Amino acid sequence: MGKQTSLYQRHVSAGARIVDFGGWDMPLHYGSQIDEHHAVRNKAGVFDVSHMTVVDVTGSGSRDWLRKLLSNDVDRLTTPGKGLYSCMLNPAGGIIDDLIVYWQGGAAYRVVVNAATRDADLGWMEKQAADFDVELNERIDLSMLAVQGPQARIIAAPLLPAELGEAALTLGSFVSVEKDQVFVARTGYTGEDGWEILLPADAADVLWDDLIGAGVQPCGLGARDTLRLEAGLNLYGQDMTMSTSPLESNLSWTIAWEPVERDFIGRHALVGQRNAGLQSRLVGLVLDGRGVMRAGQRVATDAGEGQITSGGFSPTLQCSIALARLPLAAGRHCDVEIRNKLNPARVVPPSFVKQGQIKIESGES
């Protein structure tokens, strides 16, 4: 038996199929992954993401430490509550994890990292903090709900504590607000609008029940994965790893090159890679015909071979889509090896559906 969130019994009572994810017993779906996917695209769904690791950072050295630790620069956070997406790199430029950091004013920051990489992340963070006046406080007392979909914020706002819902409705993207231990950020991992909400476990139980009562669809990890794939969002351990840099993972925008004197971990390696020129790129693929692309499958191109990093069936496009790492010079057409047979596919920008809008043409259904 793995670790369980405060909502575990509610998942079981709702008939969820429970699976192991990063050492946690989490719901994969509640009966129909496809229905859950469409609920988020068309209305609203709620995910229990309490397995995510939340770390509050304080101390006079917190700013300098984060500027050393992250590829992006927390000096870009000029307003309390603002969040920043970044990668945390090793000296070779490989991605240890991707994360969001929020500035909470003064020397206080909140960092949210992935569940499956918790131990490695915390170990690395603590090691790099040795020379700084920094205190790291893992917030195991908090639960986290992700309410996602075009109607998610409107439905959820009246269910939040007094005044917080109104304030949360005014938030811009990657901005947070906190009141009475409830933290709301306009972020997500689905390509749809919505909030990620951090709050004490007992309050999370109540909010979960209230959201379900208001018609929000409970959703599991299966729909979360198909939604993020359609949105072209990377999954750690597949689309980005310790062996790939942000430059190779369609994440160059998470690197703050200026000011040049900011010597963040991995900078020297990234500069060398940028100057030498990339050999591969992360792209989107659409399968022309039947079949399902999966991670690890071989891709044949006119410039050499590549590999699927994430793949599956797109409920929105009604065909198979994938993210793949291909040679830099690969053209617009390729072949994917599925069950020992080459199947034609098209190379497209690595974003298929965003805010309910289809960004590319689907293949044959």
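Report yes if some residue within region 178-195 is in contact with a helix residue (DSSP H, G or I) (Cβ under 8 Å, 6 or more places away or on another chain), assigned to a helix (DSSP H, G or I) and of a type outside the set (Lys, Arg); otherwise report no. Checked region 178-195: no residue is in contact with a helix residue (DSSP H, G or I) (Cβ under 8 Å, 6 or more places away or on another chain), assigned to a helix (DSSP H, G or I) and of a type outside the set (Lys, Arg).
On inspection, Asp73 does not qualify as surrounded by 15 or more Cβ atoms within 10 Å (Cβ to Cβ), touching a residue at least 24 places away in the same chain (Cβ under 8 Å) and under 23 Å from Phe21 (Cβ atoms). Sub-9 Å Cβ pairs linking a first residue in region 102-116 that is touching a residue at least 60 places away in the same chain (Cβ under 8 Å) and crowded, with 21+ Cβ neighbours inside 10 Å to a second residue that is among the basic types (Lys, Arg) and part of a strand (DSSP E or B), at least 6 apart or interchain, are Tyr102/Lys82; Tyr102/Arg110, ordered by first then second residue. Looking across region 165-194, the residues that are in contact (Cβ under 8 Å) with a residue 40 or more places away in the chain and of a type in the set (Asp, Glu) come down to Glu178, Glu192, Asp193. Only a single criterion out of (1) surrounded by 19 or more Cβ atoms within 10 Å (Cβ to Cβ); (2) under 17 Å from Lys43 (Cβ atoms) is not satisfied by Pro150, namely (1). When Leu233, Leu285 are checked against the criterion of being of a type in the set (A, V, I, L, M) and either at positive phi or not in a loop (DSSP other than H, G, I, E, B) (or both), a single residue qualifies: Leu285. The residues listed here are Arg110, Arg67; of these, the one that is within 17 Å of Val184 (Cβ to Cβ) and of a type in the set (D, E, K, R) is Arg110.
Among the numbered conditions (1) surrounded by fewer than 17 Cβ atoms within 10 Å (Cβ to Cβ); (2) touching a residue at least 40 places away in the same chain (Cβ under 8 Å); (3) of a type outside the set (Gly, Ala, Ser); (4) part of a helix (DSSP H, G or I), the only one that Val12 does not meet is (2). Residues considered: Gly296, Gly284. Of these, the only one that is crowded, with 17+ Cβ neighbours inside 10 Å and either among the small types (Gly, Ala, Ser) or in contact with a helix residue (DSSP H, G or I) (Cβ under 7 Å, 6 or more places away or on another chain) (or both) is Gly284. Somewhere in region 207-216, is a residue buried (at least 23 other Cβ atoms within 10 Å of the Cβ), of a type outside the set (Ser, Thr, Tyr) and within 19 Å of Phe174 (Cβ to Cβ)? No, region 207-216 has no match at all. Taking Ala116 as the residue in question, decide whether it is under 30 Å from Gly172 (Cβ atoms), part of a loop (DSSP other than H, G, I, E, B), modelled with pLDDT of 95 or more and out of contact with any Cys (no Cβ under 8 Å at 6 or more places or on another chain). So Ala116 does not fit the description; no.
For region 55-90, the tally of residues that are in a loop (DSSP other than H, G, I, E, B) and not small (Gly, Ala, Ser) stands at 7.
The values are calculated or read from the model by the stated rules, or taken from the named source; none is laboratory data. These numbers come from a predicted model, not from an experiment. We place every Cβ from the backbone using ideal geometry, glycine too, and count neighbours over all the protein chains shown.
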